[in-house]
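Computed from the coordinates by the stated procedures, all read-outs in this text should not be read as laboratory data. Bear in mind the structure is a predicted one, so any value in this text is a computation, not a measurement. Here the Cβ positions follow ideal geometry from the backbone for every residue, glycine too, while neighbour counts run over all protein chains shown.
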């Protein structure tokens with residue numbers, strides 16, 4: 001018997017709202033079967049659960065949902081694995097460059113804060129104010 005999951009099961013397991021899961025479904029990241037009266041009950045497969053897990057991992061890495069979908073979809077297709085891995089590396093390299101640029105900017109901001117702190121302390125010391 002194949003294990004299936006309700007939207008509530010996945011929401012609980014991954015600490016998400018059901019609205020977030022429906023959003024991922026709208027983007028095509030998840031494709032649950034429909035059951036119940038009028039097809040209103042979503043029935044998620046193990047594949048959907050794995051795709052959700054990979055989507056959340058991609059988000060933690062800072063990838064866009066579009067990038068996440070592209071990469072996850074590549075692994076669903078029987079195409080050449082080498083091409084899939086090359087594309088995955090391209091996306092990761094681009095993202096790494098973006099994060100490194102952000103880190104450099106943050107470090108520059110932090111350095112500037114330290115200069116202002118030092119200057120303010122020096123001014124306080126010149127005027128005989130207590131410095132903490």
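Expressed in nm to one decimal, what extension gain is obtained for the pair residue 43 and residue 12 from 0.36 nm per residue of sequence separation less their Cα-Cα distance? Spell out each step's value before the answer.
Working: separation 31, 0.36 × 31 = 11.16 nm, distance 1.49 nm.
Full-extension gain reported as 9.7 nm.
So what is the 222 nm mean residue ellipticity for the chain from helices alone, if each DSSP H run of at least 4 adds -39500 (n - 2.57) and you divide by all residues, rounding to the nearest 500 deg cm²/dmol?
-23500 deg cm²/dmol
Write down the radius of gyration of the stretch 34-132 and its Dmax, each obtained from C-alpha positions, in Å.
Taking only Cα atoms of the stretch 34-132, I get Rg and Dmax of 24.9, 79 Å.
How large, in Å, is the stretch 79-132 by the Kirkwood hydrodynamic radius built from its alpha-carbon pairs?
Averaging 1/r across every pair of different Cα atoms and inverting gives 14.7 Å.
Work out the FRET efficiency for residue 4 and residue 95 from their Cβ-Cβ distance, taking R0 = 30 Å, and round it to the nearest 0.05. All intermediate terms of the calculation are to be shown ahead of the outcome.
Numbers: r = 33 Å, r/R0 = 1.11.
Using R0 = 30 Å, I get an efficiency of 0.35.
How many nm is it between the label spots at residue 84 and residue 109, if each spot is 7 Å from the Cα in line with the beta carbon?
Computed distance between label sites residue 84 and residue 109 equals 3.8 nm.
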